[in-house]
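Nothing in this text is a laboratory measurement; each read-out follows from the coordinates by a stated rule. In this text the structure is predicted, and so the values were computed from the model without any measurement. FYI the Cβ positions are ideal-geometry reconstructions off the backbone, even for glycines, and counts take in every protein chain you see.
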Amino acid sequence: MQLSESVEWGLHACLALAMMPDGARVPARALAEYHGIKPSYFSKVMQRLVAAGIVQSVEGRSGGLAMAQSAEDVSLLQIVMAIEDHQAFFRCTEIRQKGPCAAASKHYRAPCTIAKIMHQADAEWRRVLAGTSLADLRRSAITQPVPGVHEATQAWLTETGAVRGI
């Protein structure tokens, strides 16, 4: 299974927004620039997060993006599902029922072992993401910072005037 890079963008964007002070908003273009992503591609990801009610978009001169919910209330699974639109990451096509040696369809009522294991793996993956909140990511970023990134980010935010509303 491979998720699109849009998932990485969305997770990092939500983390960046969750790191902002209450009331702060960041224009989508500035957030895209901060992450080195083309604004046109990035805006599509953010539109999905807005539609899902995870991020809010405020129009106007002092507008921008902000978290629509508290970081504690947003799971990583919610972010992934808002961006990917996948219901299941494994789709059984019943290949075992095809080909010259396949038995009659009445013998294939129960899912095969491969399908069972793949569905179990999908459920476990979802459980981990559902049990991890954006607040968990934020705590990790605060307690295990990359040297110099916080200072560089603060300087960049000040220089560009990217943060609004505070």
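Quick notes
- With eigenvalues of the C-alpha gyration tensor scaled by 5 and rooted, the chain, Å: 41, 16, 14
- Taking the centroid of alpha carbons for each part, region 135-166 and region 61-87 are 18 Å apart.
- Estimated FRET transfer efficiency when R0 is 41 angstrom, pair Glu5-Glu159 (beta carbons, to 0.05): 0.90
- Remark: relative contact order (region 1-137) = 29 percent; criterion is Cα-Cα distance under 8 angstrom and separation of 6 or more residues.
- Axis of helix 149-160 versus longest Cα principal axis of the chain: the two differ by about 60°, to the nearest ten degrees.
- Per-residue extension of 0.36 nm, minus the Cα-Cα distance of Val149 and Glu84, leaves a gain of 20.5 nm for this segment.
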